[in-house]
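The block underneath contains the structure these notes are about, expressed in structure tokens.
The values are calculated or read from the model by the stated rules, or taken from the named source; none is laboratory data. Owing to the predicted nature of the structure, the values given are computational and were not obtained by experimental measurement. Counting neighbours? That spans all protein chains shown, and the Cβs are built from the backbone with ideal geometry, glycine included. Heads up: the accessible areas ignore ligands, DNA and RNA and are worked out on the full protein's heavy atoms, side chains in. Shrake-Rupley method; radii C 1.70, N 1.55, O 1.52, S 1.80 Å.
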Amino acid sequence: MGVTLSRPLLFLEITSSQRDIMILAELFPYANLVYNILMVLYVLTVLAVIVVVLSENRNPVKSMAWMLVLVLLPVVGLVIYLIFGRSLKGMKLISRSHLRELRRLNDFPEAVKLEEGLSDNSRQLISLANKLTEPHLFEGNAIQVFTTGEDKFETLLRDIEQAQEYIHVQYFILENDSTGKRLIELLQRKAREGVRVRVLYDYVGSFYMRPKVLKQMRAAGIDVHPFMELTFTQFFLRINWRNHRKIVVIDGRVGYVGGMNIADRYVTGTSKEPAWRDTHLRIEGNAVVAMQYSFAIDWDFTTRELLNMPPKKVELPPSKPSHLVQMVNSGPAHRWNNISFVFLKAITLAKHSLYIQTPYFLPSDPLLKAMQSAALAGVDVRVMIPRRPDSSMLRLATGSYIKECLQAGIKIYFYEPAMMHSKVVIVDDEFVTTGSTNFDFRSFEHNFEFNALVYSKEFNREMKAIFEQDLTHCTRVSMGKWKQRPLIQKALESVVRLIAPIL
């Protein structure tokens with residue numbers, strides 16, 4: 001009986017297999033056709049991308065690297081290029097009509113009569129910045145420097161408390177921790193009092209901002225929006241472009257610019273680490289109009305709303321020192337890498353000293369060569385970086401540049417107490433720039449950044465004194481000890497350096 005039952009089962013099994021084969025045989029020609037069509041489309045897409053890369057006339061090394069990625073990494077290479085390789089040069093962030101209206105409203109000065117005591121180097125930098133960006137040189141600015149998040153944050157809250165008309169806030173990171181909650185609660189109260197409050201935050205930088213908090217802010221009357229929100233249809237178009245600016249404008253009279261975001265790690269520290277060391281400026285004076293202009297462009301890009309708010313003339317009391325200030329914004333849509341150009345010019349003009357503080361040191365080849373040339377020519381070049389940055393990848397990439405710097409006579413210092421997040425360049429005795437720009441590829445080429453350029457011997461002395469005070473908390477790197485680091489670390493540094501331009 002077992003034999004009798006086995007024959008129908010075997011017969012059914014064979015019949016089922018035959019049917020599957022027959023179905024596959026029927027579908028196979030179409031599947032093969034679809035596969036061939038997809039392959040042709042993929043090859044044509046890759047060739048089109050290669051043509052685009054070549055037509056952009058980029059650095060030949062970069063162009064060759066992207067072509068190799070596209071050819072050697074099928075599909076994956078194309079995805080990588082779509083995320084990291086595209087250029088936004090020449091893209092219009094806002095309409096021409098809105099840009100013309102903003103220019104008309106702000107009525108930027110064509111030129112300021114330069115003081116007789118201003119050095120030729122400063123004059124060259126002023127001329128360069130005037131050509132790169134629209135706001136020009138502003139007289140009559142009082143500057144307060146903050147080197148701790150606590151001091152900056154408490155002063156910011158006091159200024160916001162006194163706001164009468166409007167408050168414009170823009171940060172890369174806006175956390176919903178104790179620091180962020182204090183700011184958000186105050187902004188909500190001011191909005192309920194009738195003050196117009198606008199907030200921009202970077203979507204990726206503030207990714208963990210809870211929808212519930214945003215809903216509460218909007219319910220209180222705050223107009224809050226993410227910059228370049230990542231949606232399913234725009235993910236590849238936006239993921240690589242981040243707004244790294246930190247700007248606050250209060251009633252058009254007071255502005256804040258620097259490296260500090262809104263998070264506990266900048267103010268009180270966390271359970272795992274002390275408060276980060278950073279630099280931020282409070283500016284009271286005419287240069288605030290340039291900060292308002294930058295915010296207005298980003299606001300228009302995000303909301304398509306034109307901020308029709310003419311600037312205010314600010315008269316400082318005689319007791320306050322007055323400084324010459326330029327504001328320079330930079331971003332992937334600009335024709336030039338504005339802030340990178342300013343850094344390069346400032347470094348090449350240095351005659352006596354060049355001091356740099358940066359959390360991440362990944363210089364482009366022109367900037368590295370300029371620093372090496374300055375050091376070899378006898379300029380006192382010093383670079384201060386954190387001993388323990390917040391990114392292991394960036395620590396390795398930074399390490400790959402240290403030997404080249406030491407060989408040229410550049411002095412490298414590791415800041416020991418905490419994360420060094422300050423972004424400062426001090427040249428000779430008159431020029432200082434600080435803001436949101438790190439000394440790395442991402443800030444120079446992919447991020448939207450904002451820096452203040454200050455031409456003042458008095459302010460330069462103040463910033464040099466701060467730098468020298470920070471040196472007391474640093475360890476200078478010697479060539480002998482640096483060579484002794486583990487072989488695996490050296491190998492990893494070399495490997496990570498290959499992808500430094502997209503870190």
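Could you go through region 190-205 and let me know if any residue there is of a type in the set (Phe, Trp, Tyr), open to solvent by less than 40 Å² (accessible area, probe 1.4 Å) and free of Cβ contacts under 8 Å to residues at least 60 places away in the same chain. Break it down stepwise before answering.
Taking region 190-205 first, the residues of a type in the set (Phe, Trp, Tyr) are 201, 203.
Filter again for open to solvent by less than 40 Å² (accessible area, probe 1.4 Å), leaving 201.
Okay, now just the ones that are also free of Cβ contacts under 8 Å to residues at least 60 places away in the same chain, so 201.
Checked against the condition, which is being of a type in the set (Phe, Trp, Tyr), open to solvent by less than 40 Å² (accessible area, probe 1.4 Å) and free of Cβ contacts under 8 Å to residues at least 60 places away in the same chain, region 190-205 yields at least one hit.
Filter region 362-381 for residues that are at pLDDT below 95 and outside any loop (DSSP other than H, G, I, E, B) and give the result. Give the derivation first.
Looking only at region 362-381, we keep the residues that are at pLDDT below 95, and these are 362-366.
Residues satisfying the conditions are ASP365, PRO366.
What do you reckon, is ALA397 in contact with a Leu (Cβ under 7 Å, 6 or more places away or on another chain), within 30 Å of GLY269 (Cβ to Cβ) and either free of Cβ contacts under 8 Å to residues at least 12 places away in the same chain or open to solvent by less than 20 Å² (accessible area, probe 1.4 Å) (or both)?
Working: in contact with a Leu (Cβ under 7 Å, 6 or more places away or on another chain): yes; within 30 Å of GLY269 (Cβ to Cβ): yes; either free of Cβ contacts under 8 Å to residues at least 12 places away in the same chain or open to solvent by less than 20 Å² (accessible area, probe 1.4 Å) (or both): yes.
The answer is yes for ALA397.
Do you know which residues across region 420-455 are out of contact with any Ser or Thr (no Cβ under 9 Å at 6 or more places or on another chain), open to solvent by 10 Å² or more (accessible area, probe 1.4 Å) and not basic (Lys, Arg)?
If the condition is that a residue be out of contact with any Ser or Thr (no Cβ under 9 Å at 6 or more places or on another chain), open to solvent by 10 Å² or more (accessible area, probe 1.4 Å) and not basic (Lys, Arg), then HIS446 is the only one that fits.
Can you name the condition, by its number, that GLU305 falls short on among (1) more than 17 Å from the chain's Cα centre (by Cα); (2) surrounded by 18 or more Cβ atoms within 10 Å (Cβ to Cβ)?
(2)
Quick one: what pairs do we get from region 251-271, first residue farther than 11 Å from LYS152 by Cβ and among the basic types (Lys, Arg), second open to solvent by less than 20 Å² (accessible area, probe 1.4 Å) and in a loop (DSSP other than H, G, I, E, B), C-beta under 6 Å, 6+ apart or different chains?
From region 251-271, the pairs are ARG253/VAL314; ARG265/TRP276.
Filtering region 92-116 down to residues that are closer than 18 Å to TYR455 by Cα and open to solvent by less than 100 Å² (accessible area, probe 1.4 Å), which residue is modelled with the lowest pLDDT?
ALA111
Are there any strands (runs of 3 or more DSSP E) wholly within region 254-361 with 2 or more residues that are under 26 Å from ALA374 (Cβ atoms), and if so which?
Here the list reads 323-330, 353-357.
Mind listing whichever residues of region 312-331 are open to solvent by less than 60 Å² (accessible area, probe 1.4 Å) and out of contact with any strand residue (DSSP E or B) (no Cβ under 9 Å at 6 or more places or on another chain)?
If the condition is that a residue be open to solvent by less than 60 Å² (accessible area, probe 1.4 Å) and out of contact with any strand residue (DSSP E or B) (no Cβ under 9 Å at 6 or more places or on another chain), then LYS312 is the only one that fits.
Do any strands (runs of 3 or more DSSP E) entirely within region 403-503 hold 2 or more residues that are farther than 30 Å from TRP299 by Cβ, and if so, which?
Numbers: elements: 411-415, 424-427, 431-435, 447-455, 474-476.
The strands (runs of 3 or more DSSP E) meeting that bar are 411-415, 424-427, 474-476.
Give me the pairs: first residue in region 290-315 and small (Gly, Ala, Ser), second residue crowded, with 22+ Cβ neighbours inside 10 Å, beta-carbon distance under 6 Å, and six or more apart or on different chains, which are they?
Within 6 Å, the pairs are ALA290/PRO135; ALA290/MET327; SER294/ASN329; SER294/PHE450.
If only one of SER340, SER373, SER364 is under 16 Å from GLY409 (Cβ atoms), of a type in the set (S, T, N, Q) and either surrounded by fewer than 18 Cβ atoms within 10 Å (Cβ to Cβ) or touching a residue at least 12 places away in the same chain (Cβ under 8 Å) (or both), which one is it?
Result: SER373 is the single residue among SER340, SER373, SER364 that is under 16 Å from GLY409 (Cβ atoms), of a type in the set (S, T, N, Q) and either surrounded by fewer than 18 Cβ atoms within 10 Å (Cβ to Cβ) or touching a residue at least 12 places away in the same chain (Cβ under 8 Å) (or both).
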